[in-house]
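All remarks here apply to the structure that follows.
Just so you know, all these numbers are worked out from the coordinates, no wet-lab data involved. Just so it is clear, the structure is predicted and the values come from calculations on it, not from any experiment. Heads up, the Cβs are rebuilt from the backbone with ideal geometry, glycines too, and the neighbour counts pull from every protein chain shown.
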Amino acid sequence: MSLYLLCILLFCVGLYSILRKRNIIKIIIGLGIIEYAVNLFFILIGYRMHGRAPIFSGDQAVLNMVDPLPQAIVMTTIVIGLAITTLAVSLAIRIYEKYGTFDITKIRKLRG
Amino acid sequence: MELHIILLFMIVAALVAVEARDLISSLISLSAAGLGLSLSFLILKAPGLAITQLVVEILCIIILIRGTINKDLPLVKDGRWFFNTIATVVFLACFLIFAFFALKELPKFGEPSMRVSKEYIADSLTSTGFANVVSAITQHFRNLDALAEAAVLFAAIIGVLAVTRKAGRVNGK
């Protein structure tokens, strides 16, 4: 249970970064931290105490594997997180080219 | 026990990444948190995920450094300090309340409910031939997930190309 609470604390750090910071790069960093926390939470739910990795080997006697389904889902989530970060960084670079700043409160006027 | 230490290290690294003054050091702290995540995947018996996380982490940091190099922002103090803090506290409180109710419904740590995964583990070697159950799920049982993932990746690539193209529309044309 304490591991779940630490994971939620990590999520809160990312949420604080998204809500409170004014630099766009800091907001993207907060998104990354939230993604770490959610991935770790999935794997924590699927963990079996004293389990082993979900790979069949020569000795078939031991069958207390950890849950393989969250691992398969998180495998997809990690790659999609890379796509999200890339898209956000390209938007940030474009905004910097147009406005010359990363500060979100300075980006108010529409400039065509 | 070692998992607690790694998680505390990740939280400290994330706090440094959020609060650091210059962007390069905060990006390096973020990559330290990603390394801790990779190590904790290894401890939680997910070796494939640890490798994937390491590779994706390196790519993310390269892209973020490309985006932020030579473009630094000094710390800004003015602005609507009070309103921002109130909004942050309200959102965090909402999240914590929902998390409190959700934590009661979860299975205990170390005893997963494997209703679906039992079938996957039993059928993996006979019906697909994969020794690794995670590959059997991603390549055979839930292959539509991989298709949707590829679709999302291509959509992201199209979005990046559309945002960063040089030749825009000229005025009046």
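Pairs of lysine residues in the protein assembly as shown that meet both criteria, 8 or more places apart or on different chains and Cα atoms under 16 Å apart, total 11.
Across peptide B:115-123, the average count of Cβ atoms from other chains found within 10 Å of a residue's Cβ is 3.
Helix content alone sets the calculated 222 nm mean residue ellipticity of chain A: runs of n ≥ 4 DSSP H residues at -39500 (n - 2.57) each, divided across all residues, give -23000 deg cm²/dmol.
Only Lys, Arg, Asp and Glu count, each charged at its Cβ (+1, +1, -1, -1), so figure out the dipole size of the stretch A:2-106 about its Cα centre, rounded to 20 debye.
For the stretch A:2-106, the charge dipole is close to 500 debye.
Of the two radii for chain A, the radius of gyration is 1.18 times the Kirkwood radius, both from the alpha carbons; that is the Rg over Rh value. Placing a pseudo-label 7 Å from each Cα along the Cα-to-Cβ vector at B:Lys118 and B:Cys94 gives an inter-label distance of 3.9 nm.
Between A:Arg52 and A:Met65, A:Val66, the built amide H atoms are under 5 Å apart, and every one of these is 5 or more places off in sequence or on another chain.
Which net charge results when you count Lys and Arg as +1 and Asp and Glu as -1 among the other residues whose beta-carbon is under 14 Å from that of B:Phe41?
-3
Compute the angle between helix A:2-20 and the longest alpha-carbon principal axis of chain A, please, reported from 0 to 90 degrees and rounded to the nearest 10. Orientation of helix A:2-20: about 10 degrees from the principal axis.
Please give the average number of partner chain Cβ atoms lying within 10 Å of the Cβ of each residue in B:35-44, rounded to a whole number. Walk me through the numbers on the way to the answer.
On the way: counts 0, 3, 9, 1, 0, 7, 6, 1, 2, 12.
Mean shielding count: 4.
Model label sites at B:Leu59 and B:Ala151, defined 7 Å from Cα along the beta-carbon direction, differ in position by 2.0 nm. For the protein assembly as shown, the Cβ-based charge dipole about the Cα centre amounts to some 1540 debye (Lys, Arg positive; Asp, Glu negative; other atoms uncharged). Could you compute the FRET efficiency for A:Asn64 and B:Ala131, with r as their C-beta to C-beta distance and R0 at 22 Å, rounded to 0.05? Taking R0 as 22 Å, the efficiency between A:Asn64 and B:Ala131 is 0.85.
What angle do you read, to the nearest 10 degrees and between 0 and 90, between the alpha-carbon axis of helix B:2-19 and the longest principal axis of chain B? Roughly 20 degrees, rounded to the nearest 10.
Just to verify a number: FRET efficiency for B:Ser25 and A:Lys106, C-beta to C-beta distance, R0 = 22 Å, to 0.05?
So, using R0 = 22 Å, E works out to roughly 0.40.
The protection proxy used here, the mean number of other Cβ atoms lying within 10 Å of each residue, ranks peptides B:111-118, B:144-151, B:20-27 as follows, highest first: B:20-27, B:111-118, B:144-151.
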